[in-house]
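Please read the structure below before turning to the comments.
The values are calculated or read from the model by the stated rules, or taken from the named source; none is laboratory data. Nothing here was measured: the structure is a model prediction, and the numbers come from that model. Heads up, the Cβs are rebuilt from the backbone with ideal geometry, glycines too, and the neighbour counts pull from every protein chain shown. For the accessible areas, the whole protein counts, side chains as well, though only heavy atoms, and no ligand, DNA or RNA atoms are used. Shrake-Rupley method; radii C 1.70, N 1.55, O 1.52, S 1.80 Å.
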2 protein chains.
Amino acid sequence: MKSWIPIPVDSDFTIHNIPFGIFSNEGQARAGVAIGEQVLDLSAIHDAGLLEGIGLPTGVFGSPVLNGYIALGKIVWTATRQRLIQLLSLGNSELRGNENLLKKCLFAQRDVIMHLPVQVGDYTDFYSSREHATNVGTMFRDPANALLPNWLHLPVGYHGRASSIVISGTPFHRPKGQTMADDATAPTFGPTRLLDFELEMAFIIGQPNALGEPVSVEKAEDHIFGMVLFNDWSARDIQKWEYVPLGPFLAKNFASHVSPWIVTMDALEPFRVESPKQEPEVLSYLKSTGEHNFDIALEVQIVPDGQAPHTICRSNFKYMYWSMAQQLAHHTVNGCNMRVGDMCASGTISGPTPDSYGSMLEISWKGTRPVQMPDGTERKFILDGDTVIMKGHCERNGIRIGFGEVAAKVLPAKN
Amino acid sequence: MKSWIPIPVDSDFTIHNIPFGIFSNEGQARAGVAIGEQVLDLSAIHDAGLLEGIGLPTGVFGSPVLNGYIALGKIVWTATRQRLIQLLSLGNSELRGNENLLKKCLFAQRDVIMHLPVQVGDYTDFYSSREHATNVGTMFRDPANALLPNWLHLPVGYHGRASSIVISGTPFHRPKGQTMADDATAPTFGPTRLLDFELEMAFIIGQPNALGEPVSVEKAEDHIFGMVLFNDWSARDIQKWEYVPLGPFLAKNFASHVSPWIVTMDALEPFRVESPKQEPEVLSYLKSTGEHNFDIALEVQIVPDGQAPHTICRSNFKYMYWSMAQQLAHHTVNGCNMRVGDMCASGTISGPTPDSYGSMLEISWKGTRPVQMPDGTERKFILDGDTVIMKGHCERNGIRIGFGEVAAKVLPAKN
């Protein structure tokens with residue numbers, strides 16, 4: 001299938017994708033989809049009557065967050081995407097032939113500002129890559145017993161901070177905090193010395209469940225609207241001192257960046273793969289059959305200030321041991337309620353080889369194996385002035401879709 | 001100071017209190033204050049022009065959450081409360097003398113439904129009672145080293161679930177989950193066998209801070225609108241199996257109950273006390289002088305189905321080792337942003353003696369010291385059909401204010 005909109009080779013935003021986001025240029029932030037190098041203004045084409053008959057209330061795309069649209073449910077998501085594919089298809093002239101409307105509804109992506117696409121009620125971070133959990137356990141505990149006893153029985157997760165989830169491109173200052181040096185008798189306060197990224201993806205809840213009403217693993221995927229790239233910035237020295245016994249807190253709540261375009265589960269459908277085999281067998285509320293993982297190629301680049309991007313790892317979402325369906329079934333099995341717009345991140349997505357590890361902690365192995373950069377510097381962790389970029393895309397049978405990128409620059413700590 | 005409204009002896013809602021909440025009877029949920037056994041409808045008296053000149057926008061009290069009002073800031077909070085005290089004072093006839101208005105703005109508390117008073121963006125739970133942390137460390141680790149190394153240096157905290165915070169009176173089903181018996185080789189799934197309450201209080205953010213902009217310990221109290229009682233329900237068997245290494249998750253996110261009336265910091269002002277002495281000395285960003293703790297008497301009752309309430313512990317907020325100002329300064333020192341309506345709970349508030357412990361885990365000492373109930377049954381943890389009630393009040397120099405109660409009944413696990 002082709003579009004009458006020019007799509008560059010290797011574009012993430014082909015007609016097979018149609019990812020949803022919130023953008024602004026002149027006027028209020030509103031909903032759009034990415035196509036090629038452009039944004040299609042959904043508010044404008046809905047106002048023009050091109051999205052009739054699929055259950056979309058007037059003005060639903062004029063909101064500065066997608067929550068209202070997403071709450072309409074899966075049938076509407078699918079119908080909207082199908083209609084947009086139709087309108088953008090080569091041979092369709094309903095939009096293409098309306099020159100006045102085109103001027104008001106198509107904008108170059110480089111000319112718009114992207115915003116956080118949803119209001120996030122709660123944000124949960126899982127820890128679902130076996131390779132990542134094994135690496136961390138090997139470094140900090142016992143290589144022979146790297147995984148903790150619960151890890152193979154349930155998708156370990158914890159609650160993170162929703163307020164500090166920000167959109168790609170938002171610079172932030174190196175956080176300060178309390179740390180305890182290995183040989184010290186008292187903690188000290190200052191900028192983190194071990195700032196790290198974590199290569200993650202997050203899914204966004206599209207269908208809520210009431211308090212007390214679990215979502216079964218079979219129905220869980222119907223509750224997911226789509227996915228984004230997620231950089232779960234972490235201050236390793238703060239984390240090490242604070243996290244016992246209640247988990248990460250200030251080490252991770254200073255900023256988390258997401259990519260602006262939500263790729264829908266419908267778009268991801270052709271890229272399903274099986275999950276890694278789970279042994280020991282999981283409890284029945286976590287059991288599912290079929291393909292519930294997705295083949296999404298991931299890449300992290302570091303861009304030192306004023307330099308060219310340097311790829312520091314390549315991983316894949318398919319390595320995840322626990323599927324999103326299992327994560328959501330587990331999360332709600334006690335009756336915990338999810339709301340539209342809630343985000344659940346995967347945890348660091350590491351692959352089997354060192355060049356596929358999803359954090360500097362693992363890539364530099366606690367700083368013992370510094371990475372040589374093209375400019376002659378080295379990296380154990382992330383330095384001031386560095387921009388970290390994460391990318392993700394799927395490709396199969398000549399069809400490509402992608403997530404664009406999530407990028408963020410680290411500024412020096414404030415005085 | 002007396003009110004023309006009848007105030008029963010030992011009422012929590014004297015004219016010295018004026019706590020804010022959201023109620024409904026006929027019509028939409030809206031803002032009110034508690035006075036004696038009645039609710040004063042703030043929306044009605046504002047519409048009638050009785051709250052002029054203090055910077056309150058039209059309709060601000062007609063919202064079903066207090067966030068909009070709270071966002072107006074501390075000067076407005078104080079002015080509103082002063083004006084309400086004036087209107088309710090014996091001798092003032094502005095409201096008392098307006099019979100038509102009185103019929104539309106005063107309702108018996110027993111005739112109204114209370115709602116969650118704020119939209120909670122993020123919820124954080126601290127762990128700031130030294131006695132509680134010592135008890136837990138003694139039971140599960142080493143009595144000689146009960147406190148973990150970081151505990152005396154920073155207010156340990158973690159992110160909790162905002163979506164499952166519900167108003168007092170909301171019944172809930174015993175949660176199910178995954179647990180691992182001591183002698184087992186594989187986990188099992190079923191209703192928690194160790195359901196517990198945690199006696200806590202929570203403060204509500206009134207003044208936000210931007211991402212990257214810490215709130216100093218000196219200014220922290222200005223960012224707090226008020227306090228509520230908080231029951232942080234916990235499933236101890238689920239918690240034990242899941243919490244390593246990232247903290248509590250499904251053990252605590254199935255329901256947390258709050259009391260409906262937010263007692264303002266202005267009302268709490270006469271009840272300041274000094275905090276416990278902090279040794280070792282804390283880092284400078286946590287240092288404060290003066291009285292930053294509050295003398296709030298607390299009590300927990302268990303009400304077996306169809307029985308009378310039985311008081312199971314009495315504690316006091318003044319036992320808290322870390323003050324709210326220190327908690328907030330620590331929470332934001334890395335730049336983490338707080339939004340209006342965010343909640344920060346204290347952690348279980350235990351006192352020095354067994355009858356002042358704030359959870360069944362401590363009161364029954366892991367179930368080894370069952371509590372005898374008046375009906376002849378015993379409690380190690382909370383049973384189906386039990387209602388748990390928490391109360392709190394302050395009394396000094398003949399002045400009394402209080403929080404009312406937070407109550408919740410445990411229903412059997414769903415099939």
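Summary of values
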item	result
Selection count, region A:212-261, where residues are polar (S, T, N, Q) and open to solvent by 10 Å² or more (accessible area, probe 1.4 Å)	2
Of residues in region B:68-83 being farther than 17 Å from B:L95 by Cβ and in contact (Cβ under 8 Å) with a residue 60 or more places away in the chain, the one least open to solvent (accessible area, probe 1.4 Å)	B:I70
Hey, B:G358 at pLDDT 95 or above, more than 14 Å from chain A (Cβ to nearest Cβ) and in contact with a Phe, Trp or Tyr (Cβ under 9 Å, 6 or more places away or on another chain) or not	yes
Answer from B:N316, B:N337 - the residue that is closer than 26 Å to B:R161 by Cβ and at pLDDT 95 or above	B:N337
Region B:261-292: number of residues that are closer than 29 Å to B:V39 by Cα and not hydrophobic (A, V, I, L, M, F, W, C)	5
Residues of region A:374-415 that turn out to be out of contact with any helix residue (DSSP H, G or I) (no Cβ under 8 Å at 6 or more places or on another chain), among the aliphatic types (A, V, I, L, M) and open to solvent by 10 Å² or more (accessible area, probe 1.4 Å), as a count	5
Number of positions in region B:25-49 that are surrounded by fewer than 18 Cβ atoms within 10 Å (Cβ to Cβ) and in contact with an Asp or Glu (Cβ under 7 Å, 6 or more places away or on another chain)	1
Qualifying residue in region A:261-275 (condition: within 30 Å of B:R193 (Cα to Cα), assigned to a loop (DSSP other than H, G, I, E, B) and either within 14 Å of chain B (Cβ to nearest Cβ) or not basic (K, R) (or both))	no
Hey, B:N337 closer than 22 Å to A:F254 by Cα and surrounded by 19 or more Cβ atoms within 10 Å (Cβ to Cβ) or not	yes
Residue ID - farthest from the chain's Cα centre (by Cα), chosen from residues in region B:130-149 that are farther than 23 Å from A:R161 by Cβ and in a loop (DSSP other than H, G, I, E, B)	B:D142
Residues of region B:296-324 classified as open to solvent by 40 Å² or more (accessible area, probe 1.4 Å) and part of a loop (DSSP other than H, G, I, E, B), total	5
Residue ID - least open to solvent (accessible area, probe 1.4 Å), chosen from residues in region B:109-126 that are more than 18 Å from B:W233 (Cα to Cα) and in a strand (DSSP E or B)	B:M114
Test for A:V244: is it among the β-branched types (V, I, T), in contact (Cβ under 8 Å) with a residue 60 or more places away in the chain and part of a loop (DSSP other than H, G, I, E, B)	no
Where a residue in region B:107-132 is within 14 Å of chain A (Cβ to nearest Cβ) and its partner, wherever it lies, is open to solvent by 10 Å² or more (accessible area, probe 1.4 Å) and basic (K, R), with Cβ under 6 Å and at least six apart	B:G121/B:R339
Single residue of region B:296-334 satisfying the filter (among the small types (G, A, S) and under 17 Å from the mean Cα position of the chain (by Cα)) that is nearest to B:Q207 (Cα to Cα)	B:A325
Scope region B:280-295; condition without any contact (Cβ under 8 Å) to a residue 40 or more places away in the chain and more than 18 Å from the chain's Cα centre (by Cα); matching residues	B:E281, B:S284, B:T289, B:G290, B:E291
Residue within region B:346-369 that is surrounded by 17 or more Cβ atoms within 10 Å (Cβ to Cβ) and either closer than 30 Å to A:L195 by Cα or not assigned by TED's automatic domain parsing to the domain that holds B:D295 (or both) present	yes
Scan of region B:281-295 for residues that are of a type outside the set (S, T, N, Q), more than 14 Å from chain A (Cβ to nearest Cβ) and surrounded by 20 or more Cβ atoms within 10 Å (Cβ to Cβ), ordered by number	B:F294
Candidate set: region B:298-338, residues that are under 30 Å from A:P412 (Cβ atoms) and of a type in the set (V, I, T); chosen: the one farthest from the other protein chains (Cβ to nearest Cβ)	B:T332
Leading residue by the ranking (farthest from A:K318 (Cα to Cα)) among those in region A:354-387 that are among the β-branched types (V, I, T) and in contact with a Leu (Cβ under 9 Å, 6 or more places away or on another chain)	A:T377
Subset tally (residues that are among the hydroxyl-bearing types (S, T, Y) and more than 8 Å from chain A (Cβ to nearest Cβ)) for region B:138-169	2
Of all residues making up region B:170-187, the number that are more than 7 Å from every other protein chain (Cβ to nearest Cβ) and closer than 30 Å to B:M114 by Cβ	3
Residue match in region B:193-201 (condition: more than 9 Å from every other protein chain (Cβ to nearest Cβ), of a type in the set (K, R) and in contact with a strand residue (DSSP E or B) (Cβ under 8 Å, 6 or more places away or on another chain))	yes
Residue selected from region A:234-252 under the condition in contact with a Leu (Cβ under 7 Å, 6 or more places away or on another chain) and aliphatic (A, V, I, L, M), by the criterion nearest to the other protein chains (Cβ to nearest Cβ)	A:V244
Output for region A:70-90, where each listed residue is under 14 Å from A:L51 (Cα atoms), in contact with a strand residue (DSSP E or B) (Cβ under 9 Å, 6 or more places away or on another chain) and of a type outside the set (A, V, I, L, M, F, W, C)	A:T78, A:T80, A:R81
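Conditions (1) open to solvent by less than 30 Å² (accessible area, probe 1.4 Å); (2) outside the structural domain of B:A345 (by TED's automatic domain parsing); (3) under 30 Å from A:L286 (Cα atoms); (4) assigned to a loop (DSSP other than H, G, I, E, B), marked per residue:
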| site | (1), (2), (3), (4) |
| --- | --- |
| B:S128 | yes, no, no, yes |
| B:H159 | yes, no, yes, no |
| B:A181 | no, no, yes, yes |
| B:R193 | no, no, yes, yes |
